[in-house]
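In what follows, a structure is listed as structure tokens, so that the remarks can point back to it.
The values are calculated or read from the model by the stated rules, or taken from the named source; none is laboratory data. Keep in mind the model is a prediction, meaning the values are calculated, not measured. Glycine also receives a Cβ, built like all others from the backbone with ideal geometry; neighbour counts cover every protein chain displayed.
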Amino acid sequence: MGIPALQIQCAGHGLGNATRILAIIEELRALEPSPDRLRIEVATWGKALTWLGERHESLGFGLTPLEPFGPSPAGIPAWLRNCRKVAALADRIRPGAVLLDSDLHFAPLRRRGIPLLCLGQAHEVLRRARAFGLIPRGLAEWKSLLVFEALDAWIQRRIARKVFVPCAHPRLFHATPRLRPVPLIARQTFVMTPTTPAPRSAPVGMLLSGSGIESKRLTSWAESRGIRVIPSSLGADGRPAIDAFRAVIIQGGLSSISECIARKRPMIVVPIPGHFEQRVNAYEVELQGLGGYRCENLERDGDAQLDRLKVSSFLFELPDPEAEAELPRVEGARIVAEELFKCLKEYP
């Protein structure tokens, strides 16, 4: 019998998927440090490929580059070539399981009978949208809901042996044998590094999304108001860069929200226009007491929102045991890694 192997396929449009995949790989390596006893191979493309390529050697995992493609007829040839690549990878390493994070190259793997597990928040986005009474605004949000959330959830229910659903409040999610809610996912640096409250004199920073969408507009807005744009989530000292700020302006991706919660930093969430899931995320941050509030039109409302940051009752007062107890847990990566280990033992 060969080395136990795990194949991971990760959407590469931005860095949200890549950061949580890296968090899971960190936990897998904590359970089994040696690549000789657990082989991990990641197939992805775009910015995720570049970002993971800068980190794969230190954690001992391989990378298979795929071609960027879009959800349109023009993207079908690249998708087919990618399917052939992931099939060839599976034939070479013979994985005991495949973890799919918002990835659609599952057809050849399913035909081979490889256990498929999915990771994504689509089911939670749909649940929260119903709970908050939110409906899409305009064509772009309808496309976001139907193509990237409803369709993703439908596919996951039909192909996956288990679906890991990151949630701020897993207890509110109706778990089933197939749908497994897990806490939010953040990298070890954000979870394990002790947090310290920022001084009251600390500035407000802006952390942009890894996709680059809206970056120019938001950077221009921040610079015109003397707000520092945070170039990277980690500083030169290896600590989370947001630790230097009293509060952080972020876009509505779940990874950025999870990192702010892990570091106990208040946030203003500015959803990317047309991304329905980000508007749902922003509503949850505000309505469920996750340490921030939404600002859907930065040019119109931004100055008033930033003035609100001066209100001490909004900012976390640390250490505050009651506030700390109310914050969501962020050890989802460890739970997913443990489940993957069990799966690899069950299907060697």
Can Glu141 be described as in contact (Cβ under 8 Å) with a residue 12 or more places away in the chain, buried (at least 17 other Cβ atoms within 10 Å of the Cβ) and under 22 Å from Leu172 (Cα atoms)?
no
Among (1) touching a Cys at 6+ places or on another chain (Cβ under 9 Å); (2) outside the structural domain of Leu119 (by TED's automatic domain parsing), there is one condition Thr196 misses while meeting the rest; what is its number?
(1)
Among the candidates Leu59, Leu63, which residue alone is within 23 Å of Ser232 (Cα to Cα) and touching a strand residue (DSSP E or B) at 6+ places or on another chain (Cβ under 6 Å)?
Leu63
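Residues are listed down the side, and each one gets a yes or a no for (1) surrounded by fewer than 17 Cβ atoms within 10 Å (Cβ to Cβ); (2) acidic (Asp, Glu); (3) out of contact with any Lys or Arg (no Cβ under 8 Å at 6 or more places or on another chain); (4) under 21 Å from Thr50 (Cβ atoms):
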site	(1), (2), (3), (4)
Thr176	yes, no, yes, no
Pro194	yes, no, yes, no
Pro197	yes, no, no, no
Gly205	no, no, no, no
Ser209	no, no, yes, yes
Ile213	no, no, yes, yes
Arg217	yes, no, yes, no
Inside region 100-140, the number of residues satisfying the requirement of being closer than 16 Å to Leu287 by Cα and either not in a helix (DSSP H, G or I) or not assigned by TED's automatic domain parsing to the domain that holds Ile159 (or both) is 2
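Take residues that are buried (at least 23 other Cβ atoms within 10 Å of the Cβ) and tell me which of the strands (runs of 3 or more DSSP E) falling wholly in region 1-87 contain 1 or more.
Numbers: elements: 5-10, 39-44, 62-65.
Filter on region 1-87 gives 5-10, 39-44.
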Flagged in region 184-217 as within 24 Å of Ile335 (Cβ to Cβ) and polar (S, T, N, Q), in numbering order, are Gln188, Thr189, Thr193, Thr195
Looking at Glu67, Glu27, can you tell me which residue is among the charged types (D, E, K, R) and more than 30 Å from Cys260 (Cβ to Cβ)?
Glu67
